[in-house]
Amino acid sequence: MKQLSMVFALASLALEPEANAQQWQPGIPGIRDVEQRRAERDQVLRSVGPQAGPFTRKHGDAGVLALRKCGAETGRKLVDLDEKGGLDRLPRPEAILEIIAQTGDVVALWIIDQSVALADPDMFDAFCREPRDFAYGLKSLEKAGAELRKTRNANSQAWTNFLPPGWDWKAIFIGGAIIVVVFMVYRSRGQKAHQP
């Protein structure tokens, strides 16, 4: 029974990562103080302008940190891109904001300019691996995206090649997981029955 409860606990962690995320608590090292966060947000609003308010509320600390790393003009362009839905079209906007917070203006301007291309998941992932290489023109985003797509397709084909045509590997995996859980429950009940 202990094994079954562990399986359910792990499943709940996998299915609800937001509910299990660390919450802000005063005095815990590594979690920024709320007053400091508010001061940083206010500094961004003074620099970029009041139009950054909805952006900082929507993206939280990641948005504030990204705008802090940008100049005022670049920050306004980033806010404008978000207002037009440009960041929402990207596979993981929070990853882009983190990259901007680490790299600054040059990369942010490149992202703003290439936001349509970055909506492609393969190009997006290629960019996230080496953002400065693309922003400085050292690599072609289209070529890197195509190479990544080709690698992913080859890997997915290799994974499913052992199945006969028409078989759904996801259904087989889920069915196997159910069989394992049923076996664990059966085994735990069987052990209880044999105890003196």
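Would you be able to say whether some residue in the stretch 129-139 is within 18 Å of the chain's Cα centre (by Cα) and loosely packed, with under 15 Cβ neighbours inside 10 Å? Don't jump to the end; show me each part of the working.
Just the residues of the stretch 129-139 that are within 18 Å of the chain's Cα centre (by Cα), to begin with: 129-131.
Applying the additional criterion that residues be loosely packed, with under 15 Cβ neighbours inside 10 Å yields 129-130.
Yes: one or more hits.
Whether a residue is at pLDDT below 70, assigned to a helix (DSSP H, G or I) and not β-branched (Val, Ile, Thr) was assessed, and Gln157 passes this test. Arg76 satisfies every condition listed in (1) at pLDDT 95 or above; (2) in contact with a Leu (Cβ under 9 Å, 6 or more places away or on another chain) except (2). In the stretch 94-119, of all residues being in a loop (DSSP other than H, G, I, E, B) and more than 15 Å from the chain's Cα centre (by Cα), the one that is farthest from Lys58 (Cα to Cα) corresponds to Gln114. Kindly evaluate Glu83 against the criterion of being within 17 Å of Thr103 (Cα to Cα), of a type in the set (D, E, K, R) and free of Cβ contacts under 8 Å to residues at least 60 places away in the same chain. When the stated conditions are applied, Glu83 does not pass them.
The values are calculated or read from the model by the stated rules, or taken from the named source; none is laboratory data. Since the structure is predicted, the reported quantities are computational estimates derived from the model, not experimental observations. Glycine also receives a Cβ, built like all others from the backbone with ideal geometry; neighbour counts cover every protein chain displayed.
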